[in-house]
Amino acid sequence: MTRLFGTNGVRGVVNETMTIGLATDLSRAIGTFFGGGNVAIGCDTRTSADMLKSASVSGLLSAGCSVIDLSIVPSPTLQLEVKNGDYSGGIIITASHNPPEFNGIKCVDAEGMEMDKAGEEAIEDIYFSKRFLTVGWEDYRNREENVDAVDNYISSILGNVDVESIKRAKPNVVLDCANGAAYLSSPRLLERLGCETVLLNEVPDGTFPGHNSEPIQENLAELMEVVADSDAVLGIAHDGDADRSVFVDENGDYVPGDKSLALIAKRTVEEKSGGLVVTPVSSSSCVEEAVTKSGGEIRYTAVGSPIVARVMKATGAVFGGEENGGLIFPEHQYCRDGGMAAAKVIELLALSGEQLSSLLQEVPVYHNLKKKIHCPNEIKSEVLEGLSSEFEGKETDTTDGVKVLYPDGWILVRPSGTEPLFRVFAESKSQGRAKELADEGVRIITELIESRTKGS
Ligand code: MG
């Protein structure tokens, strides 16, 4: 069956694949799936936000839903609102970190969690079969505005960190809002925490004039420079919808997401004298080593934050997240939360009295490599089967793709959920060995793909 939903919602280039027709009908399907009730809707700062949101609102209203419009909000703000309020679910118009010509539709359930696969498939079924619920004139509801969601979100974060200790430390920080939805929440959150904050790209602008909205090192040159040239103890960068946070240490050095994930995981497990940490199989072993050495346990899942969040909830995990800066704090809510992640790192600095660079020395050093190999979607499952027999007899984990475990490292080969390609990850404590493993993974997957394409 053709699928609409990728790892985090439906995405596409605006007015090419992401059209008002798709937004309307998909929202009719979502409204039908919810069976009416209150549905929250929000968006990030993209130029197409109003157009797609209006289409989406029409679709929801035609299915008899009451629409509560939160306007521009970070994704975790809408998710918290849905979790705490009386809602059937919510829709977020966002393409997260994608380039400005993209937009997307993300659906959240009544608990504010990203929709699970079964829910997405049920919505897709309604969409493709056009079995839309269409109510009569007497049952149309209204669109109402909600202007309190951001205040409630900030208050909830403040309730989950040691505000007094942070205020005493009065940290200087630099915040890069990426011209995205974070402009509404993070500057105010930092002010309430008593931080002295220098703001970058804090003007909402869906053309992303500051830099592309993915918080990766190559996009954060300005943030690193400003932190290095000031007495700031921390740089914080969000993606377009502010569900992710990545950090820059006091020297202006970029902190890879797996390191901040491992550091917070370790500190959480220490604080709670144990507990489970959940992360996808693609995460660096630095997380597992930091967690297990501190008396905690690790649970690996397939790639995708909706999966991580649900496993966390089912297992009562103390913390979880992804290496891209998507961190989930269960005491707050079961979704990635950029504002909460920023507040937690600021708290960690304040309580330890140490610099971020020295705290990060607690995280074990691993070298990892990532490669992409093109593979037509039609043969992905066949190639994946071939992969399993290729590694027969070796210690493997097949949670997502095939992960081969060696005494001194691992290779993970997994099909992308959204693009025609396989991803190869390799990791070892030795840089040379990591490269060897990556080359091995690339060789095997390339041969498998070639033999299948030649045969067809
Ligand atoms: Mg995002």
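Any residue in the stretch 48-72 that's open to solvent by less than 10 Å² (accessible area, probe 1.4 Å): show its pairings with residues that are of a type in the set (Phe, Trp, Tyr) and at pLDDT 95 or above at Cβ separation under 8 Å, as long as the two are six or more apart or on different chains.
From residues that are open to solvent by less than 10 Å² (accessible area, probe 1.4 Å), the pairs are Ala63/Phe34; Ala63/Phe132; Cys65/Phe34.
Determine whether Ile346 is closer than 20 Å to Ala302 by Cβ and touching a residue at least 60 places away in the same chain (Cβ under 8 Å). Before you say what the answer is, go through the steps one by one.
Values: closer than 20 Å to Ala302 by Cβ: no; touching a residue at least 60 places away in the same chain (Cβ under 8 Å): yes.
No: the conditions fail for Ile346.
Sort through Glu120, Glu145 and tell me the only one that's over 16 Å from Tyr334 (Cβ atoms), open to solvent by 60 Å² or more (accessible area, probe 1.4 Å) and in contact (Cβ under 8 Å) with a residue 60 or more places away in the chain. Full working, then the answer.
Working: Glu120 fails: open to solvent by 60 Å² or more (accessible area, probe 1.4 Å).
The unique qualifying residue is Glu145.
Considering every residue within the stretch 314-325, establish whether at least one is aromatic (Phe, Trp, Tyr), over 19 Å from Lys83 (Cα atoms) and touching a residue at least 12 places away in the same chain (Cβ under 8 Å).
Within the stretch 314-325, not a single residue is aromatic (Phe, Trp, Tyr), over 19 Å from Lys83 (Cα atoms) and touching a residue at least 12 places away in the same chain (Cβ under 8 Å).
Do any residues in the stretch 232-246 that are over 13 Å from His97 (Cα atoms) and assigned by TED's automatic domain parsing to the domain that holds Glu196 have Cβ atoms under 6 Å from those of residues that are small (Gly, Ala, Ser) and more than 7 Å from the ligand (Cβ to nearest atom), where the two are at least six apart or on different chains, and which pairs are they?
Filtered contacts from the stretch 232-246: Ile236/Ser245; Ile236/Ala342.
Residues of the stretch 197-231 being within 16 Å of the ligand (Cβ to nearest atom), touching a residue at least 60 places away in the same chain (Cβ under 8 Å) and not hydroxyl-bearing (Ser, Thr, Tyr), which ones?
Hits for the stretch 197-231 are Pro204, Gly206, Phe208, Asn212, Glu214, Pro215.
So, Gly89, is that one on the phi > 0 side of the Ramachandran plot, without any contact (Cβ under 8 Å) to a residue 60 or more places away in the chain, over 18 Å from the mean Cα position of the chain (by Cα) and not assigned by TED's automatic domain parsing to the domain that holds His238 or not? Steps first, answer last, please.
Values: on the phi > 0 side of the Ramachandran plot: yes; without any contact (Cβ under 8 Å) to a residue 60 or more places away in the chain: yes; over 18 Å from the mean Cα position of the chain (by Cα): yes; not assigned by TED's automatic domain parsing to the domain that holds His238: yes.
Against the criterion (on the phi > 0 side of the Ramachandran plot, without any contact (Cβ under 8 Å) to a residue 60 or more places away in the chain, over 18 Å from the mean Cα position of the chain (by Cα) and not assigned by TED's automatic domain parsing to the domain that holds His238), Gly89 qualifies.
Of everything in the stretch 73-106, what is more than 12 Å from the ligand (Cβ to nearest atom), part of a loop (DSSP other than H, G, I, E, B) and surrounded by 24 or more Cβ atoms within 10 Å (Cβ to Cβ)? Give them in sequence order.
Within the stretch 73-106, Val73 is the sole residue that qualifies.
Residues of the stretch 1-36 being away from the ligand (no atom under 16 Å from the Cβ), open to solvent by 30 Å² or more (accessible area, probe 1.4 Å) and part of a loop (DSSP other than H, G, I, E, B), which ones?
Once the filter is applied, which keeps residues that are away from the ligand (no atom under 16 Å from the Cβ), open to solvent by 30 Å² or more (accessible area, probe 1.4 Å) and part of a loop (DSSP other than H, G, I, E, B), the stretch 1-36 yields Met1, Thr2, Arg3, Leu4, Asn15, Glu16, Thr17, Thr19, Gly35.
In the stretch 315-331, is there at least one residue being assigned to a helix (DSSP H, G or I) and surrounded by fewer than 19 Cβ atoms within 10 Å (Cβ to Cβ)? Show your work before the answer.
Within the stretch 315-331, the first condition is being assigned to a helix (DSSP H, G or I), and the residues that meet it are 315.
Remaining after also requiring surrounded by fewer than 19 Cβ atoms within 10 Å (Cβ to Cβ): 315.
Within the stretch 315-331, one or more residues are assigned to a helix (DSSP H, G or I) and surrounded by fewer than 19 Cβ atoms within 10 Å (Cβ to Cβ).
What is the residue count in the stretch 366-418 for residues that are in contact with a Cys (Cβ under 8 Å, 6 or more places away or on another chain) and at pLDDT below 95? Quick ask: steps written out before the conclusion?
Looking only at the stretch 366-418, we keep the residues that are in contact with a Cys (Cβ under 8 Å, 6 or more places away or on another chain), and these are 366, 383, 415.
Adding the requirement that they be at pLDDT below 95 leaves 383, 415.
Count: 2.
Could you list, in sequence order, the residues of the stretch 211-232 that are of a type outside the set (Val, Ile, Thr) and surrounded by 20 or more Cβ atoms within 10 Å (Cβ to Cβ)?
Across the stretch 211-232, the qualifying residues are His211, Ser213, Glu214, Pro215, Asn219, Leu220, Leu223, Met224, Ala232.
Taking the condition outside any loop (DSSP other than H, G, I, E, B), among the small types (Gly, Ala, Ser) and assigned by TED's automatic domain parsing to the domain that holds Val308, does Ser155 pass?
Details: outside any loop (DSSP other than H, G, I, E, B): yes; among the small types (Gly, Ala, Ser): yes; assigned by TED's automatic domain parsing to the domain that holds Val308: no.
When the stated conditions are applied, Ser155 does not pass them.
Please verify whether Pro256 is within 16 Å of the ligand (Cβ to nearest atom) and either open to solvent by 20 Å² or more (accessible area, probe 1.4 Å) or under 17 Å from Asp400 (Cβ atoms) (or both), treating the condition exactly as stated. If you could, list the steps in order and put the result at the bottom.
Values: within 16 Å of the ligand (Cβ to nearest atom): no; either open to solvent by 20 Å² or more (accessible area, probe 1.4 Å) or under 17 Å from Asp400 (Cβ atoms) (or both): yes.
So Pro256 does not fit the description; no.
Somewhere in the stretch 286-296, is a residue of a type in the set (A, V, I, L, M), in contact with a Phe, Trp or Tyr (Cβ under 7 Å, 6 or more places away or on another chain) and more than 16 Å from the ligand (Cβ to nearest atom)?
Of all residues in the stretch 286-296, those of a type in the set (A, V, I, L, M) come to 287, 290-291.
Applying the additional criterion that residues be in contact with a Phe, Trp or Tyr (Cβ under 7 Å, 6 or more places away or on another chain) yields none.
So far as the stretch 286-296 goes, no, none of its residues is of a type in the set (A, V, I, L, M), in contact with a Phe, Trp or Tyr (Cβ under 7 Å, 6 or more places away or on another chain) and more than 16 Å from the ligand (Cβ to nearest atom).
Specify the residue that is nearest to the ligand (Cβ to nearest atom); the eligible residues are those in the stretch 233-251 that are within 14 Å of Val198 (Cα to Cα) and open to solvent by less than 10 Å² (accessible area, probe 1.4 Å).
Ala237
Residue check, Phe132 against (1) on the phi < 0 side of the Ramachandran plot; (2) open to solvent by less than 30 Å² (accessible area, probe 1.4 Å), all met but one. Which one?
(2)
Given the criteria assigned to a helix (DSSP H, G or I), open to solvent by 10 Å² or more (accessible area, probe 1.4 Å) and either within 17 Å of Thr77 (Cα to Cα) or among the hydrophobic types (A, V, I, L, M, F, W, C) (or both), does Ala343 qualify?
On the way: assigned to a helix (DSSP H, G or I): yes; open to solvent by 10 Å² or more (accessible area, probe 1.4 Å): no; either within 17 Å of Thr77 (Cα to Cα) or among the hydrophobic types (A, V, I, L, M, F, W, C) (or both): yes.
Answer is no for this residue.
Go through the residues of the stretch 377-388 one by one and say whether even a single one is of a type outside the set (Ser, Thr, Tyr), surrounded by 19 or more Cβ atoms within 10 Å (Cβ to Cβ) and under 22 Å from Val291 (Cβ atoms).
Scanning the stretch 377-388 turns up no residue that is of a type outside the set (Ser, Thr, Tyr), surrounded by 19 or more Cβ atoms within 10 Å (Cβ to Cβ) and under 22 Å from Val291 (Cβ atoms).
Out of all the residues in the stretch 310-323, which are closer than 20 Å to Arg267 by Cβ and under 15 Å from the mean Cα position of the chain (by Cα)? Spell out the reasoning first.
To start, the set of residues in the stretch 310-323 that are closer than 20 Å to Arg267 by Cβ comprises 312, 315-323.
Within the stretch 310-323, Met312, Phe319, Gly320, Gly321, Glu322, Glu323 qualify.
Looking at Ala169, is it open to solvent by 30 Å² or more (accessible area, probe 1.4 Å) and either within 16 Å of Ser155 (Cα to Cα) or not acidic (Asp, Glu) (or both)?
Values: open to solvent by 30 Å² or more (accessible area, probe 1.4 Å): yes; either within 16 Å of Ser155 (Cα to Cα) or not acidic (Asp, Glu) (or both): yes.
For Ala169, the condition - open to solvent by 30 Å² or more (accessible area, probe 1.4 Å) and either within 16 Å of Ser155 (Cα to Cα) or not acidic (Asp, Glu) (or both) - is met.
The values are calculated or read from the model by the stated rules, or taken from the named source; none is laboratory data. Predicted model only: the values in this text are computed from it and were never measured. Quick reminder, even Gly has a Cβ in these numbers, built from the backbone with ideal geometry, and neighbours come from all protein chains shown. What goes into the accessible areas is simple: the full protein's heavy atoms, side chains included, and nothing from ligands, DNA or RNA. Shrake-Rupley method; radii C 1.70, N 1.55, O 1.52, S 1.80 Å.
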